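Here's the structure, in structure tokens; my notes come after.
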Amino acid sequence: MEFKFDPENPKFVYVTTLEEANNALDALEKEKVVGVDVESTSLDPYSGILLMIQVSTPSISYIFDARSIDMKNFPRLKEFLESKDRIKILHNGKFDYKFIKVHTGIAVDNIFDTMLAEAILNSGLGKAYYALKDLASAYLGLTMEKDTRKTFAVANSKTQFSETQLKYAALDTLIMFPIFEKQLEKLKKENLINIGKLEFAVTRVVGDMELTGIYLNQEKWRDIISRLKEKREKYAKEFQEAIKPYYGATAIDLFGNSSDFININSNVQLLELFNKRLGLDLPSTGDAILSGCTHPVAKMLRDYRQYEKLVSAFGDTLLEKINKVTGRVHPEFNQMGTATGRFSCNNPNLQQIPRNSEEAPFRQCINPKHGYKLVVADYSAFEMRILAELSKDVKMVNALNEGLDIHSYTASLMFGKEYTPDFKKKYPDLRQIAKPIGFGLMYGMGPMGLANRLYMETGKPVSKEEAEDYMNKYFASYPSVREFLDKTAKTAVRNGWSMTPAGRKRWYDKPQNDDPEFRKKVSSIEREAKNHPIQGTNADAVKYALVYINEKLKSEHIDGSITHTVHDEIVTEVREDQAEEWSKIQSDQMIRAAQLFIKNVKVISDPFIGDVWEH
């Protein structure tokens, strides 16, 4: 392959003065597409030093030394990087966006992110994160040396950069051009340009969201953890007492004190207890197995684990994530975190934080700063509305548009009962059966999966045959739903991909006919394909909503920011005197985004204003 640059000896201009910077922009401003990258001492934009900003043409990289040029007072560079008529190619652009914004005040616009583009092109088959060197190898057959990157971590305001460091920095921008060209061609071929534009627009929103972070009340958080630890120790002690009769002698430690009979966290020792001493013949100590075991020791172990899980997930390790500069937690949001296009979250994972309960009200610890309010808005029964829209099932559409309790209405159809506003009170057991069926079918759940789900929710054993009968009753109630799900599954197996109304694709690895696991793999494709258009449309709507809300915050001159998003919920932190007005705008923008795809079913998004994340 012929390149416009020499991979072994990339051409660059090292820019250290304002005069040199203006000369560089004279050349760069002639370009319609430029590559952008940064080098820094850290992954954290608040504590790290921005060393350089590299901006390149296809053949030459201009390396702006961010330490010697006053970037915050360089309006020409700001106008250049924020222009909407010039494409900036970045890789993992969110990282560079954040560093540039914190250290220069510049919000890079019109981004093409090669990492996100690759995730879009391989959704379902590939991964969420692609290193630039992986793309260089795959697309260009080039091997990139990345060891030099580590040398920037020890740099400071006076470090003199070596020729090797400058060439490394230059190559990072130059190599993106041929990758960009090949990805653009593939995006066009797969009709994924609009999804690419959406994801690239969301990159800026996510960058701002991560920079804003969330305030966490440490004192209240530690108090919750302390109470959970007490409960954990209580159940651990009860567990050891309960198994005492099954061990011959009292367990004594080296100092003559009573000790535990077994390590409650050791699966090997637990299996020995359950199988050899209690005679239960369990294949494992997983929760799904233990939930079906009636022995009181199994119940005690599950109770212990419930608290152990909360303490380990949300204890001191999460508090350590509080940024020392901002005093806030700055989670990382991966916008292509799942094959369906939904976000994943880590460091910390907000999606893991449970909804408020009396024992673990963690979300009450997430508060606005003084003088501000949290505005929380989500979509009501959103995936049910998406299913109704996509299946065009008349009964389901009408029920949702009339504001009926959809699970009660479904139960009334399935079991031949009259629907009334108090159906939930009159027939709670029937509603409890209908609800998981509706959700389960959207995830491709089969009779056995439904039987297990119903047992976990109701505590009553349900046979596979009974579960299958429930599913047939459900489909008889909503025949168009079955038709839609079956058609979606078969089309995905035939094409090797499924698609949302917005055009987001998910690919599947189609098995060969002679594959011994052919049927199993096809069933897996069918199950995932039923879910993708529903969950993927959820993702598309939330992402459009994030872009719309971000734009409105600016155009309406609202003193506030988006702090986080989880599933179909968006949270903003807004100045107290603007919160009421803003809540209506936020809700309207979420509905506006959903109505891009949902035309026949009413969309509801009721906002809440308060001092805690969850109301």
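The values are calculated or read from the model by the stated rules, or taken from the named source; none is laboratory data. Owing to the predicted nature of the structure, the values given are computational and were not obtained by experimental measurement. Positions of Cβ are generated from backbone atoms using ideal geometry, with glycine treated the same way; all protein chains shown enter the neighbour counts.
Quick look at the numbers
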| item | result |
| --- | --- |
| Members of the stretch 188-247 that are free of Cβ contacts under 8 Å to residues at least 12 places away in the same chain and in contact with a Leu (Cβ under 6 Å, 6 or more places away or on another chain) | Ile193 |
| Contacts under 6 angstrom Cβ, first residue in the stretch 510-537 being farther than 10 Å from Ser498 by Cα, partner of a type outside the set (Gly, Ala, Ser) and in a helix (DSSP H, G or I), 6 or more apart | Pro511/Phe518; Pro511/Lys521; Val522/Val493; Ile534/Glu383; Ile534/Ile386; Ile534/Leu387; Ile534/Met442; Thr537/Ile386 |
| Answer from Ile386, Ile366 - the residue that is aliphatic (A, V, I, L, M), within 26 Å of Gly536 (Cα to Cα) and either surrounded by 15 or more Cβ atoms within 10 Å (Cβ to Cβ) or outside the structural domain of Arg222 (by TED's automatic domain parsing) (or both) | Ile386 |
| Qualifying residue in the stretch 573-590 (condition: surrounded by 20 or more Cβ atoms within 10 Å (Cβ to Cβ) and not in a helix (DSSP H, G or I)) | yes |
| Any pair with Cβ under 7 angstrom, 6 or more apart, that starts in the stretch 303-320 at a residue that is under 20 Å from Tyr215 (Cβ atoms) and not assigned by TED's automatic domain parsing to the domain that holds Asn346 and ends at one that is among the aliphatic types (A, V, I, L, M) and at pLDDT 90 or above | Phe314/Ile225; Gly315/Ile225 |
| Candidates Asn356, Asn367, Asn349 - the one that is touching a helix residue (DSSP H, G or I) at 6+ places or on another chain (Cβ under 7 Å) and either within 21 Å of Trp221 (Cα to Cα) or among the basic types (Lys, Arg) (or both) | Asn356 |
| Conditions (1) in a helix (DSSP H, G or I); (2) more than 25 Å from Glu332 (Cβ to Cβ): number failed by Val205 | (2) |
| Out of Asp568, Asp588, Asp611, sole residue that is acidic (Asp, Glu) and touching a Phe, Trp or Tyr at 6+ places or on another chain (Cβ under 7 Å) | Asp568 |
| Conditions (1) in the same structural domain as Arg482 (by TED's automatic domain parsing); (2) under 27 Å from the mean Cα position of the chain (by Cα); number of the one not met by Val376 | (1) |
| Any hit, the stretch 246-263, residues being assigned by TED's automatic domain parsing to the domain that holds Ile224, modelled with pLDDT of 90 or more, surrounded by fewer than 17 Cβ atoms within 10 Å (Cβ to Cβ) and in contact with a Pro (Cβ under 9 Å, 6 or more places away or on another chain) | no |
| Residue in the stretch 537-548 that is of a type in the set (S, T, N, Q), within 27 Å of Leu187 (Cα to Cα) and over 22 Å from the mean Cα position of the chain (by Cα) present | no |
| Flag for Glu190 being surrounded by fewer than 20 Cβ atoms within 10 Å (Cβ to Cβ) and over 30 Å from Leu350 (Cα atoms) | yes |
| All helices (runs of 4 or more DSSP H) inside the stretch 255-338 with 3 or more residues being of a type in the set (A, V, I, L, M) | 267-271, 287-290, 296-314 |
| In the stretch 278-314, the residues that are polar (S, T, N, Q), modelled with pLDDT of 90 or more and more than 30 Å from Gln218 (Cα to Cα) | Ser284, Thr285 |
| Given (1) without any contact (Cβ under 8 Å) to a residue 24 or more places away in the chain; (2) farther than 20 Å from Ala339 by Cβ, index of the condition Gly496 fails | (2) |
| Close pairs (8 angstrom Cβ cut-off, 6 or more residues apart or separate chains): at positive phi in the stretch 587-607, small (Gly, Ala, Ser) anywhere | none |
| Restricting the stretch 469-520 to residues that are under 26 Å from the mean Cα position of the chain (by Cα) and part of a helix (DSSP H, G or I), the residue that is surrounded by the most Cβ atoms within 10 Å (Cβ to Cβ) | Ala492 |
| Restricting the stretch 80-98 to residues that are assigned to a helix (DSSP H, G or I) and touching a Gly at 6+ places or on another chain (Cβ under 7 Å), the residue that is surrounded by the fewest Cβ atoms within 10 Å (Cβ to Cβ) | Lys98 |
| Among residues of the stretch 407-446, those that are under 23 Å from His532 (Cβ atoms) and among the aromatic types (Phe, Trp, Tyr), counted | 2 |
| Yes/no for Lys197 being part of a helix (DSSP H, G or I) and not assigned by TED's automatic domain parsing to the domain that holds Asn122 | yes |
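This table checks each residue for (1) among the charged types (D, E, K, R); (2) in the same structural domain as Thr340 (by TED's automatic domain parsing); (3) within 29 Å of the chain's Cα centre (by Cα); (4) surrounded by fewer than 18 Cβ atoms within 10 Å (Cβ to Cβ).
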residue: Glu402; (1), (2), (3), (4): yes, no, no, yes
residue: Ala411; (1), (2), (3), (4): no, no, no, no
residue: Lys424; (1), (2), (3), (4): yes, no, no, yes
residue: Asp429; (1), (2), (3), (4): yes, no, no, yes
residue: Gly459; (1), (2), (3), (4): no, no, no, yes
residue: Lys464; (1), (2), (3), (4): yes, no, no, yes
